[in-house]
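Some notes on the structure that comes next.
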Amino acid sequence: MLKRLIFTSLLSISVFILRAQNESPNDIIKSDPHFSVQLDQKLLMLCFCDEVNQNLSFLRELDRCTGIYKGARLKGGSKGIKSIVVLRNTNPDLSIPVLTSRFPNLVFLQESEIPTLANKKNPTNYNCLSSDDGQIIRENIGHDHIFSTINQLLSR
């Protein structure tokens with residue numbers, strides 16, 4: 001069930017990220033009736049990761065920040081943050097269960113599990129932070145700026 005929810009969220013986000021030609025991103029998100037329910041008023045950090053070994057520092061920091069802010073009241077996501085990492089070209093030794101045990105606050109999916117993304121050329125190691133209504137807050141956040149970016153979104 002969780003995998004299905006995540007898949008539908010990623011499908012909606014992928015349409016948003018790949019920029020539909022005739023509709024604005026908000027129109028695309030609003031047209032999917034399940035999207036807001038599945039995010040449950042959370043920010044979504046979506047990351048495309050080519051080589052896990054080259055991105056360990058990013059994943060460690062993302063996992064740490066997701067754990068800190070998973071239930072925080074944030075601008076654009078009043079119930080925290082959810083982080084999803086889409087893996088490409090991964091080392092067979094680093095399977096999803098191994099990664100999940102190393103990074104318990106992150107959700108990992110193989111790119112091949114998401115048909116809409118499998119045939120698209122997404123930028124290498126692209127990531128974006130989007131609000132619960134689908135607006136992109138920030139793109140391509142470096143590992144040394146994840147904490148400060150999310151911390152700026154705290155609502156008091």
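Every number in this text was worked out from the coordinates using simple rules, so none of it is lab data. Quick caveat, the model's predicted, so the values are computed rather than measured. Here Cβ is always computed from backbone atoms with ideal geometry, including for glycine, and neighbour counts include all displayed protein chains.
Taking the highest mean first, how do the peptides 41-51, 125-135, 99-109 order by number of other beta carbon atoms within 10 angstrom per residue? Before the final figure, lay out the partial values.
Values: 41-51: 21.0, 125-135: 18.8, 99-109: 16.4.
Top to bottom by mean Cβ count within 10 Å: 41-51, 125-135, 99-109.
Between residue 64 and residue 102, what is 0.36 nm times their sequence separation minus the Cα-Cα distance? Round to one decimal in nm.
12.6 nm
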Virtual spin-label span in nm between residue 78 and residue 41, 7 Å along Cα→Cβ: 0.4 nm
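So if each residue of separation counts as 0.36 nm, and I subtract the Cα-Cα distance between residue 56 and residue 135, what length gain in nm does that give? Mind dumping the intermediate values first?
Values: separation 79, 0.36 × 79 = 28.44 nm, distance 2.72 nm.
Going from the current span to full extension adds 25.7 nm.
How much length is gained on full extension from residue 144 to residue 112, taking 0.36 nm per residue of separation minus their Cα-Cα distance? Walk me through the numbers before you get to the answer.
Values: separation 32, 0.36 × 32 = 11.52 nm, distance 2.92 nm.
Contour length minus the Cα-Cα distance gives 8.6 nm.
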